[in-house]
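The values are calculated or read from the model by the stated rules, or taken from the named source; none is laboratory data. The structure presented is a predicted model; accordingly, all values stated were derived computationally and were not measured. No Cβ is skipped: glycine too gets one built from the backbone with ideal geometry, and neighbour counts run over all protein chains shown.
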Amino acid sequence: MYQKRFKHGTLKLIVGDITEIDVEAIVNAANNTLSGGGGVDGAIHRAAGPSLARECEKIRKTRGGCPTGKAVITGGGDLRARYVIHTVGPIWHGGEKGEAELLRESYSESLSLAREYRIGSIAFPSISTGTYGYPLERAAPIAIKTITEHLDTYTKPERIVLVLHTLDAYNTYLAALNP
């Protein structure tokens, strides 16, 4: 575990299971249809129970899902977290199709929704670095820069946790935080 203080809050890096984190909101690295899937998305849907699937279905019917780079919010169902912020990160296509900007938007839009809902604490996974194939060493600096700029500018959320699935991911994010 590593923690660093910024002007308006703290950023913590941990290795763990995002469904077990004690925060007001967790971020789901979702797909466009919000239908659950593999990786962190599937784990969150399984842990949250059927109410999450019902809320995601309503969003699909009213909005058609969630575009890449955007975010939507639902209740947390059976999770410890009160909310789940679903964001769709980009699929890696070699870095020439706007992936960096879309990844930045995924983090930024999630933080914007958290501010709108006055959420004080939020946990993020490493968005797009699993099934979507975004290289960790390219994703980590984007996530860190977006989150640290937020913590130097806004007061909510003031506690942000990056929950990494592996020690390798943790070390990559730690290096991006402390270059």
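Screening Glu55 with (1) assigned to a loop (DSSP other than H, G, I, E, B); (2) surrounded by 14 or more Cβ atoms within 10 Å (Cβ to Cβ); (3) modelled with pLDDT of 95 or more gives one miss only, at (1). When you check Thr19 against the structure, is it touching a residue at least 24 places away in the same chain (Cβ under 8 Å), hydroxyl-bearing (Ser, Thr, Tyr), buried (at least 20 other Cβ atoms within 10 Å of the Cβ) and not in a loop (DSSP other than H, G, I, E, B), yes or no? So Thr19 fits the description; yes.
Being surrounded by 21 or more Cβ atoms within 10 Å (Cβ to Cβ), touching a Lys or Arg at 6+ places or on another chain (Cβ under 7 Å), at pLDDT 95 or above and not acidic (Asp, Glu) is a description that does not apply to Ile147.
Scanning the range 58-75 for residues that are touching a helix residue (DSSP H, G or I) at 6+ places or on another chain (Cβ under 6 Å) and outside any strand (DSSP E or B) gives Thr68, Gly69, Lys70. Only residues that are over 16 Å from the mean Cα position of the chain (by Cα), surrounded by fewer than 18 Cβ atoms within 10 Å (Cβ to Cβ) and either under 28 Å from Thr10 (Cβ atoms) or not small (Gly, Ala, Ser) (or both) were counted across the range 23-52, and they come to 3. Taking the condition among the polar types (S, T, N, Q), surrounded by fewer than 20 Cβ atoms within 10 Å (Cβ to Cβ) and under 14 Å from the mean Cα position of the chain (by Cα), does Thr68 pass? Judged against the criteria, Thr68 is a match. Remark: pairs (first residue in the range 44-64, farther than 14 Å from Ala30 by Cβ; second residue surrounded by 17 or more Cβ atoms within 10 Å (Cβ to Cβ); Cβ separation under 6 Å; 6+ apart in sequence or on different chains) = Ala47/Thr19; Ala47/Leu79; Gly49/Gly77; Ser51/Gly77. Of all residues in the range 1-10, none are crowded, with 18+ Cβ neighbours inside 10 Å, within 15 Å of the chain's Cα centre (by Cα) and not in a loop (DSSP other than H, G, I, E, B).
Among the numbered conditions (1) under 20 Å from Lys12 (Cβ atoms); (2) under 13 Å from the mean Cα position of the chain (by Cα); (3) modelled with pLDDT under 95, the only one that Asn178 does not meet is (2).
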